[in-house]
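To start, the structure under review is shown below, and the notes come after it.
The values are calculated or read from the model by the stated rules, or taken from the named source; none is laboratory data. Since we're looking at a predicted model, the values are computed, not measured. A quick note on method: Cβ atoms are made from the backbone with ideal geometry, for glycine too, and the neighbour counts reach across all protein chains shown. Remember, those area values only see protein heavy atoms, side chains included, never the ligands or the DNA or RNA. Shrake-Rupley method; radii C 1.70, N 1.55, O 1.52, S 1.80 Å.
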Amino acid sequence: MSETTDRIALLVKRGKINKASPFPPDLKEQDGADEQTKAALDSGAKPSEILDGCMKGMQEIGTLFSQNKVFVPDLLMSAKAMSAAMAHLKPHFQSGEVKRKGTFIIGTVTGDLHDIGKNLVSMVVEGCGWEIVDLGVDVGADTFLEAIEQHPDCAVGLSALLTTTMPAMSQTVAAIKEKSPQTRVLIGGAPITREFADKIGADCYSPDPQGAANYLSTAAA
Amino acid sequence: MGKISDMVKRNRVLISDGAWGTSLQQKGLLAGECPEEWNISHRSDVLEIARNYIYAGSDMIQTNSFGGSRFKLAHYGLDSKAEEINRAAAEISREAAGDKLVIASLGPTGKILMMGDVSEEQLYEGFREQAVALEAGGADAACIETMAALDEALCAVKAVQENTNLEIICTFTFDKTSAGDFRTMMGVSPSSMTTALIEAGAEIIGSNCGNGMEQMICIVKEIRNTSSDIPVLIHANAGLPVVKDGNNTFPETPEDMAGLAPKLAEVGANIIGGCCGTTPAHIAAIAGAVQ
(Lines give C-alpha, C1' and ligand atoms only; values in the text may rest on other atoms or scores of the structure.)
Protein backbone atom coordinates (compact mmCIF):
# COMPACT_ATOMS: atom_id res chain seq x y z
CA MET A 1 0.00 0.00 0.00
CA SER A 2 1.32 3.43 -0.93
CA GLU A 3 1.31 6.47 1.29
CA THR A 4 -1.37 7.98 -0.96
CA THR A 5 -3.58 4.95 -0.49
CA ASP A 6 -3.23 5.11 3.27
CA ARG A 7 -3.98 8.82 3.37
CA ILE A 8 -7.15 8.47 1.27
CA ALA A 9 -8.18 5.42 3.30
CA LEU A 10 -7.92 7.39 6.52
CA LEU A 11 -9.96 10.31 5.15
CA VAL A 12 -12.65 7.96 3.87
CA LYS A 13 -12.77 6.04 7.13
CA ARG A 14 -13.04 9.25 9.15
CA GLY A 15 -15.65 10.70 6.79
CA LYS A 16 -13.64 13.82 5.96
CA ILE A 17 -15.24 14.96 2.70
CA ASN A 18 -13.47 18.23 1.96
CA LYS A 19 -11.87 21.23 3.60
CA ALA A 20 -15.22 23.00 4.07
CA SER A 21 -16.78 20.07 5.91
CA PRO A 22 -16.78 20.55 9.70
CA PHE A 23 -16.83 16.78 10.26
CA PRO A 24 -14.99 15.19 11.99
CA PRO A 25 -14.23 18.05 14.38
CA ASP A 26 -10.58 17.10 14.93
CA LEU A 27 -9.88 17.44 11.20
CA LYS A 28 -11.60 20.80 10.84
CA GLU A 29 -10.06 23.09 8.21
CA GLN A 30 -7.79 20.34 6.93
CA ASP A 31 -7.95 19.02 3.39
CA GLY A 32 -10.47 16.23 2.84
CA ALA A 33 -10.78 13.32 0.43
CA ASP A 34 -11.72 15.76 -2.32
CA GLU A 35 -8.62 17.99 -2.14
CA GLN A 36 -6.19 15.21 -1.29
CA THR A 37 -7.31 13.06 -4.21
CA LYS A 38 -6.95 15.93 -6.64
CA ALA A 39 -3.53 16.84 -5.27
CA ALA A 40 -2.36 13.23 -5.38
CA LEU A 41 -3.47 12.74 -9.00
CA ASP A 42 -1.93 16.10 -10.00
CA SER A 43 1.40 15.04 -8.56
CA GLY A 44 1.36 11.76 -10.43
CA ALA A 45 -0.36 9.22 -8.17
CA LYS A 46 -2.00 6.32 -9.99
CA PRO A 47 -5.81 6.26 -10.01
CA SER A 48 -5.62 2.72 -8.68
CA GLU A 49 -3.90 4.02 -5.53
CA ILE A 50 -6.91 6.26 -4.92
CA LEU A 51 -9.35 3.43 -5.58
CA ASP A 52 -7.43 1.19 -3.20
CA GLY A 53 -7.63 3.92 -0.56
CA CYS A 54 -11.40 4.20 -0.98
CA MET A 55 -11.75 0.44 -0.74
CA LYS A 56 -9.58 0.20 2.34
CA GLY A 57 -11.36 3.08 4.09
CA MET A 58 -14.84 1.74 3.32
CA GLN A 59 -13.83 -1.77 4.32
CA GLU A 60 -12.64 -0.48 7.69
CA ILE A 61 -15.72 1.62 8.42
CA GLY A 62 -18.00 -1.16 7.12
CA THR A 63 -16.38 -3.62 9.50
CA LEU A 64 -16.75 -1.25 12.44
CA PHE A 65 -20.41 -0.79 11.46
CA SER A 66 -21.04 -4.53 11.44
CA GLN A 67 -19.49 -4.68 14.91
CA ASN A 68 -21.91 -1.92 16.09
CA LYS A 69 -18.91 0.26 16.91
CA VAL A 70 -20.06 3.00 14.56
CA PHE A 71 -23.57 3.80 13.30
CA VAL A 72 -25.39 4.98 10.19
CA PRO A 73 -24.20 8.61 10.34
CA ASP A 74 -20.55 7.51 10.38
CA LEU A 75 -21.12 5.24 7.42
CA LEU A 76 -22.88 8.01 5.52
CA MET A 77 -20.05 10.47 6.09
CA SER A 78 -17.52 7.88 4.92
CA ALA A 79 -19.59 7.20 1.82
CA LYS A 80 -19.70 10.93 1.09
CA ALA A 81 -15.93 11.16 1.46
CA MET A 82 -15.56 8.13 -0.82
CA SER A 83 -17.80 9.76 -3.44
CA ALA A 84 -15.74 12.94 -3.27
CA ALA A 85 -12.60 10.94 -4.04
CA MET A 86 -14.27 8.74 -6.66
CA ALA A 87 -15.56 11.79 -8.54
CA HIS A 88 -11.96 12.50 -9.57
CA LEU A 89 -11.61 8.93 -10.85
CA LYS A 90 -14.51 9.13 -13.29
CA PRO A 91 -12.37 9.85 -16.40
CA HIS A 92 -10.02 7.04 -15.41
CA PHE A 93 -12.90 4.57 -15.15
CA GLN A 94 -14.14 5.70 -18.55
CA SER A 95 -10.71 5.27 -20.14
CA GLY A 96 -10.42 1.81 -18.60
CA GLU A 97 -7.30 2.78 -16.69
CA VAL A 98 -8.91 1.55 -13.48
CA LYS A 99 -11.47 -1.21 -13.38
CA ARG A 100 -14.29 -2.22 -11.11
CA LYS A 101 -14.59 -5.72 -9.73
CA GLY A 102 -17.93 -6.18 -11.40
CA THR A 103 -21.51 -4.94 -11.43
CA PHE A 104 -23.90 -5.15 -8.51
CA ILE A 105 -27.58 -4.62 -9.22
CA ILE A 106 -29.67 -3.68 -6.21
CA GLY A 107 -33.27 -2.81 -5.44
CA THR A 108 -36.01 -2.99 -2.82
CA VAL A 109 -38.63 -5.59 -3.77
CA THR A 110 -42.23 -5.09 -4.94
CA GLY A 111 -44.49 -3.39 -2.43
CA ASP A 112 -41.63 -2.09 -0.30
CA LEU A 113 -40.74 1.58 -0.43
CA HIS A 114 -37.85 1.63 2.03
CA ASP A 115 -34.48 2.65 0.69
CA ILE A 116 -32.18 3.44 3.61
CA GLY A 117 -30.87 -0.12 4.02
CA LYS A 118 -30.52 -0.57 0.28
CA ASN A 119 -28.56 2.68 0.00
CA LEU A 120 -26.19 1.72 2.81
CA VAL A 121 -25.42 -1.59 1.10
CA SER A 122 -24.88 0.25 -2.21
CA MET A 123 -22.39 2.61 -0.62
CA VAL A 124 -20.33 -0.09 1.06
CA VAL A 125 -20.34 -2.39 -1.97
CA GLU A 126 -19.40 0.53 -4.22
CA GLY A 127 -16.63 1.34 -1.79
CA CYS A 128 -15.34 -2.18 -2.17
CA GLY A 129 -14.85 -1.59 -5.86
CA TRP A 130 -18.11 -2.59 -7.55
CA GLU A 131 -20.16 -0.62 -10.00
CA ILE A 132 -23.68 -0.14 -8.68
CA VAL A 133 -26.87 -0.28 -10.72
CA ASP A 134 -29.55 0.96 -8.33
CA LEU A 135 -33.05 0.05 -9.52
CA GLY A 136 -34.73 1.95 -6.68
CA VAL A 137 -37.68 0.84 -4.54
CA ASP A 138 -40.79 -1.24 -5.29
CA VAL A 139 -38.89 -3.13 -8.01
CA GLY A 140 -40.65 -6.05 -9.72
CA ALA A 141 -38.98 -9.29 -10.78
CA ASP A 142 -39.21 -8.28 -14.46
CA THR A 143 -37.17 -5.16 -13.86
CA PHE A 144 -34.47 -7.20 -12.14
CA LEU A 145 -34.47 -9.68 -15.04
CA GLU A 146 -34.11 -6.89 -17.60
CA ALA A 147 -31.17 -5.43 -15.70
CA ILE A 148 -29.52 -8.85 -15.46
CA GLU A 149 -29.86 -9.21 -19.23
CA GLN A 150 -27.97 -5.95 -19.67
CA HIS A 151 -25.27 -6.95 -17.18
CA PRO A 152 -24.97 -10.73 -17.55
CA ASP A 153 -22.06 -11.11 -15.12
CA CYS A 154 -23.65 -9.09 -12.36
CA ALA A 155 -24.60 -10.08 -8.84
CA VAL A 156 -27.99 -9.00 -7.51
CA GLY A 157 -29.02 -7.66 -4.10
CA LEU A 158 -32.63 -7.62 -2.88
CA SER A 159 -33.77 -5.54 0.07
CA ALA A 160 -36.97 -5.69 2.15
CA LEU A 161 -37.87 -3.89 5.36
CA LEU A 162 -41.46 -5.01 5.72
CA THR A 163 -42.43 -8.47 6.86
CA THR A 164 -45.28 -8.21 4.37
CA THR A 165 -42.93 -7.95 1.39
CA MET A 166 -40.89 -11.04 2.21
CA PRO A 167 -43.08 -13.19 -0.10
CA ALA A 168 -42.27 -10.77 -2.97
CA MET A 169 -38.59 -11.33 -2.20
CA SER A 170 -39.11 -15.07 -2.41
CA GLN A 171 -40.88 -14.74 -5.78
CA THR A 172 -38.15 -12.47 -7.14
CA VAL A 173 -35.39 -14.89 -6.15
CA ALA A 174 -37.29 -17.73 -7.81
CA ALA A 175 -37.77 -15.73 -11.02
CA ILE A 176 -34.07 -14.79 -11.19
CA LYS A 177 -32.89 -18.33 -10.48
CA GLU A 178 -35.21 -19.75 -13.11
CA LYS A 179 -34.09 -17.44 -15.88
CA SER A 180 -30.48 -16.94 -14.85
CA PRO A 181 -29.36 -19.73 -12.50
CA GLN A 182 -25.71 -18.61 -12.41
CA THR A 183 -26.55 -15.11 -11.13
CA ARG A 184 -25.68 -14.74 -7.48
CA VAL A 185 -28.49 -13.32 -5.38
CA LEU A 186 -27.88 -11.63 -2.02
CA ILE A 187 -30.71 -10.67 0.30
CA GLY A 188 -31.01 -8.51 3.36
CA GLY A 189 -33.25 -6.26 5.45
CA ALA A 190 -34.54 -6.01 8.99
CA PRO A 191 -36.88 -9.04 8.99
CA ILE A 192 -34.61 -11.29 6.89
CA THR A 193 -32.75 -14.24 8.40
CA ARG A 194 -30.25 -16.78 7.11
CA GLU A 195 -32.91 -19.44 7.47
CA PHE A 196 -35.26 -17.49 5.22
CA ALA A 197 -32.46 -16.98 2.66
CA ASP A 198 -31.73 -20.71 2.59
CA LYS A 199 -35.39 -21.51 2.24
CA ILE A 200 -36.00 -19.26 -0.75
CA GLY A 201 -32.76 -20.23 -2.50
CA ALA A 202 -30.76 -17.00 -2.15
CA ASP A 203 -26.97 -17.40 -2.31
CA CYS A 204 -26.14 -15.06 0.53
CA TYR A 205 -27.75 -13.39 3.50
CA SER A 206 -25.95 -10.68 5.38
CA PRO A 207 -27.20 -8.79 8.43
CA ASP A 208 -24.96 -5.83 7.50
CA PRO A 209 -23.51 -4.17 4.36
CA GLN A 210 -19.94 -5.36 4.92
CA GLY A 211 -21.05 -8.98 4.94
CA ALA A 212 -22.51 -8.50 1.46
CA ALA A 213 -19.30 -6.83 0.23
CA ASN A 214 -17.16 -9.60 1.72
CA TYR A 215 -19.30 -12.27 0.10
CA LEU A 216 -19.02 -10.55 -3.29
CA SER A 217 -15.23 -10.23 -3.00
CA THR A 218 -14.88 -13.90 -2.11
CA ALA A 219 -17.35 -15.09 -4.74
CA ALA A 220 -15.70 -12.98 -7.43
CA ALA A 221 -12.19 -14.12 -6.58
CA MET B 1 -59.97 14.63 30.78
CA GLY B 2 -56.73 16.59 31.16
CA LYS B 3 -53.25 15.76 30.08
CA ILE B 4 -51.89 12.25 29.90
CA SER B 5 -48.74 13.37 31.68
CA ASP B 6 -50.90 14.49 34.63
CA MET B 7 -52.93 11.28 34.61
CA VAL B 8 -49.83 9.11 34.95
CA LYS B 9 -48.83 11.02 38.06
CA ARG B 10 -51.86 9.55 39.80
CA ASN B 11 -49.96 6.29 40.14
CA ARG B 12 -51.97 4.27 37.71
CA VAL B 13 -50.44 2.47 34.74
CA LEU B 14 -52.30 3.52 31.61
CA ILE B 15 -52.96 1.17 28.72
CA SER B 16 -52.36 2.14 25.12
CA ASP B 17 -53.30 0.18 22.00
CA GLY B 18 -51.66 -2.48 19.84
CA ALA B 19 -50.65 -2.92 16.21
CA TRP B 20 -52.44 -1.21 13.35
CA GLY B 21 -50.40 -2.34 10.36
CA THR B 22 -50.85 -6.06 11.04
CA SER B 23 -54.57 -5.48 11.77
CA LEU B 24 -55.03 -3.71 8.45
CA GLN B 25 -53.34 -6.61 6.66
CA GLN B 26 -55.77 -9.03 8.27
CA LYS B 27 -58.56 -6.91 6.85
CA GLY B 28 -57.10 -7.24 3.38
CA LEU B 29 -54.55 -4.44 2.99
CA LEU B 30 -52.15 -5.63 0.30
CA ALA B 31 -48.39 -5.16 0.09
CA GLY B 32 -47.80 -2.00 -1.89
CA GLU B 33 -51.10 -0.41 -0.90
CA CYS B 34 -51.07 2.83 1.09
CA PRO B 35 -52.33 1.99 4.61
CA GLU B 36 -53.34 5.59 5.36
CA GLU B 37 -55.46 5.83 2.22
CA TRP B 38 -57.79 3.34 3.92
CA ASN B 39 -58.92 6.21 6.17
CA ILE B 40 -60.83 7.40 3.11
CA SER B 41 -61.57 4.22 1.15
CA HIS B 42 -62.09 1.69 3.99
CA ARG B 43 -63.27 3.89 6.83
CA SER B 44 -65.37 1.24 8.56
CA ASP B 45 -62.49 -1.27 8.65
CA VAL B 46 -60.19 1.29 10.24
CA LEU B 47 -62.91 2.28 12.71
CA GLU B 48 -63.35 -1.35 13.72
CA ILE B 49 -59.63 -1.70 14.50
CA ALA B 50 -59.78 1.38 16.71
CA ARG B 51 -62.97 0.17 18.45
CA ASN B 52 -61.50 -3.26 19.14
CA TYR B 53 -58.70 -1.64 21.12
CA ILE B 54 -61.15 0.44 23.13
CA TYR B 55 -63.16 -2.74 23.89
CA ALA B 56 -59.90 -4.45 24.90
CA GLY B 57 -59.33 -1.82 27.58
CA SER B 58 -57.10 0.82 26.00
CA ASP B 59 -57.10 4.19 27.77
CA MET B 60 -55.79 5.75 24.59
CA ILE B 61 -55.67 4.75 20.95
CA GLN B 62 -53.47 5.75 18.08
CA THR B 63 -54.50 6.84 14.60
CA ASN B 64 -53.89 5.24 11.21
CA SER B 65 -51.42 7.96 10.22
CA PHE B 66 -47.98 6.44 10.84
CA GLY B 67 -46.94 6.97 7.21
CA GLY B 68 -49.10 10.07 6.81
CA SER B 69 -46.33 12.59 6.20
CA ARG B 70 -46.31 14.08 2.73
CA PHE B 71 -42.94 12.42 2.13
CA LYS B 72 -44.34 8.92 2.59
CA LEU B 73 -47.64 9.68 0.86
CA ALA B 74 -45.68 10.95 -2.16
CA HIS B 75 -44.68 7.35 -2.93
CA TYR B 76 -48.34 6.72 -3.74
CA GLY B 77 -48.94 10.09 -5.39
CA LEU B 78 -51.08 11.08 -2.41
CA ASP B 79 -48.97 13.90 -0.93
CA SER B 80 -51.52 16.51 -1.99
CA LYS B 81 -54.09 14.63 0.13
CA ALA B 82 -52.01 14.68 3.32
CA GLU B 83 -54.36 17.06 5.10
CA GLU B 84 -57.50 15.06 4.26
CA ILE B 85 -55.95 11.67 5.07
CA ASN B 86 -54.57 12.75 8.45
CA ARG B 87 -57.72 14.57 9.51
CA ALA B 88 -59.74 11.47 8.64
CA ALA B 89 -57.32 9.29 10.65
CA ALA B 90 -57.93 11.37 13.77
CA GLU B 91 -61.70 11.59 13.18
CA ILE B 92 -61.97 7.80 12.97
CA SER B 93 -60.06 7.23 16.20
CA ARG B 94 -61.97 10.07 17.88
CA GLU B 95 -65.25 8.39 16.96
CA ALA B 96 -64.05 5.07 18.38
CA ALA B 97 -62.46 6.55 21.51
CA GLY B 98 -65.54 8.01 23.19
CA ASP B 99 -64.22 9.40 26.45
CA LYS B 100 -60.81 7.78 25.94
CA LEU B 101 -57.83 9.57 24.45
CA VAL B 102 -56.53 9.78 20.90
CA ILE B 103 -52.76 9.82 20.47
CA ALA B 104 -52.03 10.56 16.84
CA SER B 105 -49.24 8.63 15.18
CA LEU B 106 -46.47 10.44 13.28
CA GLY B 107 -43.80 8.11 11.93
CA PRO B 108 -40.42 8.84 10.39
CA THR B 109 -40.34 10.36 6.92
CA GLY B 110 -37.68 7.97 5.59
CA LYS B 111 -35.52 11.00 4.78
CA ILE B 112 -32.12 11.48 6.37
CA LEU B 113 -31.41 15.11 7.15
CA MET B 114 -27.63 14.75 7.22
CA MET B 115 -27.69 13.26 3.73
CA GLY B 116 -29.38 16.37 2.42
CA ASP B 117 -32.39 14.31 1.24
CA VAL B 118 -34.60 17.16 2.42
CA SER B 119 -33.99 20.46 4.17
CA GLU B 120 -34.91 21.00 7.78
CA GLU B 121 -37.55 23.49 6.64
CA GLN B 122 -39.20 20.92 4.35
CA LEU B 123 -39.20 18.33 7.11
CA TYR B 124 -40.67 20.80 9.60
CA GLU B 125 -43.38 21.78 7.13
CA GLY B 126 -44.28 18.10 6.57
CA PHE B 127 -44.68 17.44 10.29
CA ARG B 128 -46.53 20.72 10.81
CA GLU B 129 -49.05 19.89 8.09
CA GLN B 130 -49.62 16.41 9.50
CA ALA B 131 -49.94 17.51 13.13
CA VAL B 132 -52.32 20.37 12.38
CA ALA B 133 -54.62 18.02 10.42
CA LEU B 134 -54.51 15.40 13.19
CA GLU B 135 -55.45 18.03 15.76
CA ALA B 136 -58.28 19.26 13.54
CA GLY B 137 -59.58 15.69 13.39
CA GLY B 138 -59.77 15.49 17.18
CA ALA B 139 -56.44 14.12 18.45
CA ASP B 140 -55.41 14.83 22.05
CA ALA B 141 -51.72 14.13 21.66
CA ALA B 142 -49.10 13.63 18.98
CA CYS B 143 -47.20 10.35 19.21
CA ILE B 144 -43.98 10.85 17.23
CA GLU B 145 -42.75 7.28 16.98
CA THR B 146 -40.25 4.77 15.63
CA MET B 147 -37.66 7.54 15.54
CA ALA B 148 -33.97 6.77 15.01
CA ALA B 149 -32.37 10.17 14.39
CA LEU B 150 -32.37 12.96 16.96
CA ASP B 151 -32.45 15.73 14.34
CA GLU B 152 -35.63 14.38 12.71
CA ALA B 153 -37.36 13.73 16.04
CA LEU B 154 -36.50 17.18 17.37
CA CYS B 155 -37.76 18.75 14.16
CA ALA B 156 -41.08 16.90 14.60
CA VAL B 157 -41.33 17.91 18.27
CA LYS B 158 -40.76 21.54 17.34
CA ALA B 159 -43.32 21.46 14.52
CA VAL B 160 -46.00 20.03 16.85
CA GLN B 161 -45.07 22.41 19.67
CA GLU B 162 -45.16 25.57 17.58
CA ASN B 163 -48.32 24.84 15.63
CA THR B 164 -50.71 22.82 17.80
CA ASN B 165 -51.89 22.36 21.38
CA LEU B 166 -51.31 18.62 21.21
CA GLU B 167 -49.52 16.97 24.10
CA ILE B 168 -46.19 15.65 22.81
CA ILE B 169 -45.16 12.00 23.05
CA CYS B 170 -41.96 10.89 21.33
CA THR B 171 -40.61 7.34 21.18
CA PHE B 172 -37.50 5.84 19.58
CA THR B 173 -36.76 2.33 18.30
CA PHE B 174 -33.64 0.68 19.70
CA ASP B 175 -31.68 -2.41 18.74
CA LYS B 176 -29.38 -4.33 21.02
CA THR B 177 -25.77 -3.99 19.85
CA SER B 178 -23.23 -6.81 19.96
CA ALA B 179 -21.74 -5.08 23.02
CA GLY B 180 -25.11 -5.49 24.73
CA ASP B 181 -26.18 -1.85 24.93
CA PHE B 182 -29.11 -0.26 23.13
CA ARG B 183 -28.80 2.12 20.18
CA THR B 184 -30.97 3.28 17.31
CA MET B 185 -29.58 2.71 13.82
CA MET B 186 -28.34 6.29 13.95
CA GLY B 187 -26.43 5.52 17.15
CA VAL B 188 -28.74 7.23 19.68
CA SER B 189 -28.85 5.61 23.14
CA PRO B 190 -31.90 5.65 25.44
CA SER B 191 -30.11 8.06 27.77
CA SER B 192 -29.10 10.53 25.04
CA MET B 193 -32.66 10.37 23.67
CA THR B 194 -34.02 11.13 27.13
CA THR B 195 -31.81 14.15 27.66
CA ALA B 196 -32.48 15.61 24.20
CA LEU B 197 -36.26 15.07 24.23
CA ILE B 198 -36.76 16.52 27.71
CA GLU B 199 -34.72 19.55 26.73
CA ALA B 200 -36.85 19.94 23.57
CA GLY B 201 -40.03 19.89 25.64
CA ALA B 202 -41.50 16.45 24.92
CA GLU B 203 -43.96 15.64 27.69
CA ILE B 204 -43.91 11.86 27.44
CA ILE B 205 -41.02 9.82 26.02
CA GLY B 206 -40.30 6.16 25.50
CA SER B 207 -39.70 3.39 23.02
CA ASN B 208 -41.69 1.44 20.46
CA CYS B 209 -41.22 -1.48 18.05
CA GLY B 210 -37.96 -3.36 18.70
CA ASN B 211 -37.52 -6.92 19.84
CA GLY B 212 -40.07 -7.76 22.49
CA MET B 213 -40.93 -6.99 26.10
CA GLU B 214 -37.79 -8.25 27.77
CA GLN B 215 -35.56 -5.74 25.97
CA MET B 216 -38.03 -2.95 26.73
CA ILE B 217 -37.46 -3.57 30.44
CA CYS B 218 -33.74 -2.85 29.94
CA ILE B 219 -34.52 0.24 27.86
CA VAL B 220 -36.89 1.67 30.50
CA LYS B 221 -34.23 1.11 33.16
CA GLU B 222 -31.78 3.17 31.12
CA ILE B 223 -34.32 5.95 30.58
CA ARG B 224 -35.03 5.98 34.32
CA ASN B 225 -31.31 6.27 35.09
CA THR B 226 -31.38 9.54 33.19
CA SER B 227 -34.76 10.85 34.34
CA SER B 228 -36.75 9.64 37.30
CA ASP B 229 -39.89 11.64 36.56
CA ILE B 230 -40.53 12.01 32.81
CA PRO B 231 -43.62 9.93 31.93
CA VAL B 232 -42.59 6.86 29.89
CA LEU B 233 -44.66 5.14 27.20
CA ILE B 234 -43.74 1.70 25.80
CA HIS B 235 -45.25 0.13 22.69
CA ALA B 236 -43.46 -3.24 22.41
CA ASN B 237 -43.51 -5.62 19.46
CA ALA B 238 -44.69 -9.16 20.12
CA GLY B 239 -41.06 -10.13 19.45
CA LEU B 240 -39.53 -10.25 15.97
CA PRO B 241 -41.49 -12.03 13.26
CA VAL B 242 -40.64 -15.60 12.30
CA VAL B 243 -41.73 -17.26 9.08
CA LYS B 244 -43.97 -20.20 9.74
CA ASP B 245 -45.65 -22.10 6.87
CA GLY B 246 -44.95 -19.18 4.55
CA ASN B 247 -46.61 -16.68 6.89
CA ASN B 248 -45.10 -14.29 9.35
CA THR B 249 -45.98 -14.95 12.92
CA PHE B 250 -44.94 -13.03 16.01
CA PRO B 251 -43.57 -15.18 18.81
CA GLU B 252 -44.88 -13.42 21.95
CA THR B 253 -48.39 -14.46 22.98
CA PRO B 254 -50.78 -12.26 24.99
CA GLU B 255 -49.80 -14.31 28.07
CA ASP B 256 -46.07 -13.83 27.40
CA MET B 257 -46.42 -10.08 27.15
CA ALA B 258 -48.84 -9.82 30.07
CA GLY B 259 -46.41 -11.86 32.15
CA LEU B 260 -43.69 -9.23 31.70
CA ALA B 261 -45.93 -6.14 31.85
CA PRO B 262 -45.89 -5.80 35.68
CA LYS B 263 -42.09 -5.87 35.60
CA LEU B 264 -42.09 -3.20 32.88
CA ALA B 265 -44.32 -1.02 35.08
CA GLU B 266 -42.16 -1.72 38.11
CA VAL B 267 -38.99 -0.44 36.42
CA GLY B 268 -40.79 2.75 35.45
CA ALA B 269 -43.10 2.51 32.43
CA ASN B 270 -46.26 4.60 32.94
CA ILE B 271 -48.11 3.75 29.74
CA ILE B 272 -47.96 0.29 28.16
CA GLY B 273 -49.23 -0.82 24.79
CA GLY B 274 -48.08 -2.85 21.82
CA CYS B 275 -46.51 -2.41 18.41
CA CYS B 276 -46.10 -4.86 15.48
CA GLY B 277 -47.78 -8.23 16.01
CA THR B 278 -49.87 -7.26 19.03
CA THR B 279 -53.66 -7.64 18.96
CA PRO B 280 -56.62 -6.62 21.11
CA ALA B 281 -56.06 -9.92 22.96
CA HIS B 282 -52.53 -8.80 23.86
CA ILE B 283 -53.84 -5.45 25.08
CA ALA B 284 -56.61 -7.04 27.16
CA ALA B 285 -54.08 -9.40 28.76
CA ILE B 286 -51.64 -6.57 29.52
CA ALA B 287 -54.45 -4.44 30.99
CA GLY B 288 -55.53 -7.35 33.17
CA ALA B 289 -51.97 -7.85 34.40
CA VAL B 290 -51.14 -4.30 35.42
CA GLN B 291 -54.42 -2.78 36.56
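Using a Gaussian network model of chain A in which every pair of alpha carbons under 10 angstrom is joined by a spring, one finds that among A:30, A:210, A:94 the greatest mean-square fluctuation is at A:94. Ordering B:166, B:282, B:187 by Cα displacement along the dipole of chain B toward the positive end leaves B:282 in first place; charges were set at the Cβ atoms of Lys, Arg (+1) and Asp, Glu (-1). By definition, a body whose alpha carbon gyration tensor gives a ≥ b ≥ c is rounded when a/c is under 1.5, and chain B falls into this rounded group.
With a simple spin-label model that places each label point 7 Å from the Cα along the Cα-to-Cβ direction, the separation between residue A:149 and residue B:74 comes to 3.2 nm.
Could you work out how much longer the chain between residue B:6 and residue B:55 gets when fully extended? Use 0.36 nm per residue separation minus the Cα distance between them, nm to one decimal.
15.3 nm
Shape call for segment A:107-165 from the C-alpha gyration tensor, a ≥ b ≥ c root eigenvalues: rounded (a/c under 1.5), prolate (a/b greater than b/c) or oblate? Judged from the Cα gyration tensor, segment A:107-165 comes out oblate (a/c at least 1.5, b/c at or above a/b). Ranking B:248, B:24, B:47 by how far each Cα lies toward the positive end of the dipole of segment B:4-290 (charges on Cβ) leaves B:248 at the top.
Exposed loop sites were defined as trypsin sites (Lys or Arg not before Pro) in DSSP loop states (anything but H, G, I, E or B) carrying at most 14 other C-beta atoms within 10 Å; in chain A the longest segment without such a site runs A:101-221.
Taken residue by residue and averaged, Cβ atoms of other chains lying within 10 Å of the Cβ of B:34-45 number 0. Rolling a 1.4 Å probe over the heavy atoms of the protein chains gives chain B an accessible area of 38 Å² per residue.
Once all protein chains are placed together, residue B:66 keeps about 80 Å² accessible to a 1.4 angstrom probe.
Distance between the modelled labels on residue B:226 and residue B:119, one decimal in nanometres: 3.0 nm (7 Å Cα→Cβ projection).
In segment B:156-204, comparing the full protein assembly with the chain on its own, the residues that lose 10 Å² or more of accessible surface at a 1.4 Å probe are B:177, B:178, B:183, B:185, B:186, B:187.
The alpha-carbon of residue A:101 sits under 16 angstrom from the alpha-carbons of these aspartates and glutamates, leaving out residues fewer than 8 places away in its chain: A:49, A:52, A:126, A:131, A:153. Taken across both chains, chains A and B shield about 1800 Å² of accessible surface from a 1.4 Å probe. Going by accessible surface with a 1.4 Å probe and the largest first, A:205, B:55, B:76 read B:55, B:76, A:205.
Before rounding to the nearest 500, sum -39500 (n - 2.57) across all DSSP H runs of length at least 4 in chain B and divide by the residue total; then give [θ] at 222 nm in deg cm²/dmol.
That comes out to -13500 deg cm²/dmol.
Classification of the protein assembly as shown by its C-alpha gyration tensor yields a prolate form. The axis ratio a/c (a ≥ b ≥ c) is 1.5 or more, and a/b outweighs b/c.
Per-residue accessible area (protein heavy atoms, 1.4 Å probe) orders B:43, B:183 as B:43, B:183, starting from the largest.
Tally up the carbon and sulfur contribution to the accessible surface of segment B:133-181 as a whole percent, 1.4 Å probe, everything protein left in place.
It is 43 percent, rounded to a whole number.
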